[in-house]
Amino acid sequence: MKKAISVFSGGLDCTVATCVYDNDYEIHAITFNYGQKAFAQELKASRKICEEMGWTHEVIDLPWLSDISNSSLNTDDDIPEVSENDLDDIDKSSETASNVWVPARNTVFTSIALSYAESIGAEIIIVGWNNEEGLTFPDNSQEFLNEFNELIKVGSPDKIRIEAPAINLNKEELVELGVKVGAPMKLSYSCYKGEDEPCGVCESCVRRNRAFKKVGI
């Protein structure tokens, strides 16, 4: 069977995106530890999902990314709390995005995933980038996807491409896709704070909760 690398945090987005390719590819999931507050919960969710789906799973430690970061995700700074009304306020969302931004995170993750893809002969790299977060996170955007795929064409001897099936979807549509492909969304974990029970007030939680509510789940 064809092989795929999944950049996998155990979150909603990557879980749905990876399940889109489950029937056609042998999935190799990689989870990054960059000192994020939520790592323990992300690891727990990733392991459960990979076991449920029969995917291989590996953890890659990136302590240096924590050392150079000033993001509230992996420093002692408080993670911003938002309301549902804040989500569509581009100024407030941009401010939150800036607060949780980890330096070049998706560039680093995707480059490492490319290295793994070359090493095992994988044809695709699966990511959970989506349109809703792409509005404030440039490394979740269609432009970033297109440019990175062009970079791979130039810089890799292998025919590998990044697949982001949710790149044009908002969270509500992503949840609907998850239902369609039978993704184990209930096992996923999206909270920035890393508590046993999701906080419900960080931007990731609020976007997730709104999406499930709109779909009626």
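The values are calculated or read from the model by the stated rules, or taken from the named source; none is laboratory data. Computed from a prediction, not measured in an experiment: that's the story for all the values here. Because the Cβ atoms are built from the backbone with ideal geometry, glycine has one as well, and the counts that use them run over all protein chains shown. Ligands, DNA and RNA are stripped out before the accessible areas are found, and what is left, the full protein with its side chains, is counted by its heavy atoms. Shrake-Rupley method; radii C 1.70, N 1.55, O 1.52, S 1.80 Å.
Toward the positive end of the charge dipole of the chain, about the Cα centre and with charges on Cβ (Lys, Arg +1; Asp, Glu -1), which of Phe32, Ser190, Cys50 goes farthest?
Value: Cys50.
Would you compute, from DSSP H runs of 4+ residues alone, the mean residue ellipticity of the chain at 222 nm, taking -39500 (n - 2.57) per run and dividing by the full residue count, rounded to the nearest 500?
Counting only the DSSP helices, I get -13500 deg cm²/dmol.
Cα gyration tensor of segment 95-217, axes a ≥ b ≥ c as square roots of the eigenvalues: rounded (a/c below 1.5), prolate (a/b > b/c) or oblate? The partial results should precede the final answer.
Values: a/c = 1.97, a/b = 1.61, b/c = 1.22.
Because a/c hits 1.5 or more and a/b exceeds b/c, segment 95-217 counts as prolate.
Against the longest alpha carbon principal axis of the chain, how many degrees, from 0 to 90 and to the nearest 10, is the axis of helix 171-181 turned?
So the inclination is approximately 40 degrees.
Any idea how far apart Val59 and Ser156 come out in nm if each label point goes 7 Å out from Cα toward Cβ?
Each label point is offset 7 Å from its Cα along the Cβ direction, giving 2.6 nm.
Take every Cα pair under 8 Å in the chain that's 6+ residues apart, average their separations, divide by the length, and report that relative contact order as a whole percent.
Answer for the chain is 29 percent.
Please identify every one of the trypsin sites (Lys or Arg not before Pro) in segment 71-173 that sits in a loop by DSSP and has no more than 12 other beta carbons within 10 Å of its own beta carbon.
Qualifying residues, ordered by number: Lys159.
Return the carbon/sulfur percentage of the accessible area of the chain, one whole number, probe 1.4 Å, all protein chains in place.
Roughly 46 percent of what the probe reaches on the chain is carbon or sulfur.
I want to check the label-to-label distance for Ser83 and Glu176. Put each point 7 Å from Cα in the C-beta direction and report it in nm to one decimal.
2.8 nm
Give the share of C-alpha pairs in each 5 angstrom bin for segment 1-121, from 0 to the last occupied bin, in whole percents, shortest bins first.
2, 10, 18, 20, 19, 14, 10, 5, 1, 0
Between Arg47 and Ile217, how many nm apart are label points set 7 Å from Cα along the C-beta direction?
2.4 nm
For a quick protection proxy, order the peptides 21-27, 46-52, 108-114 by their average other-Cβ count within 10 Å, most packed first.
Numbers: 21-27: 16.6, 46-52: 18.6, 108-114: 20.6.
Ranking the peptides 21-27, 46-52, 108-114 by packing returns 108-114, 46-52, 21-27.
Is the chain best put as rounded, prolate or oblate by its Cα gyration tensor, with a ≥ b ≥ c the root eigenvalues, rounded for a/c under 1.5, and otherwise prolate when a/b is larger than b/c, oblate when not?
rounded
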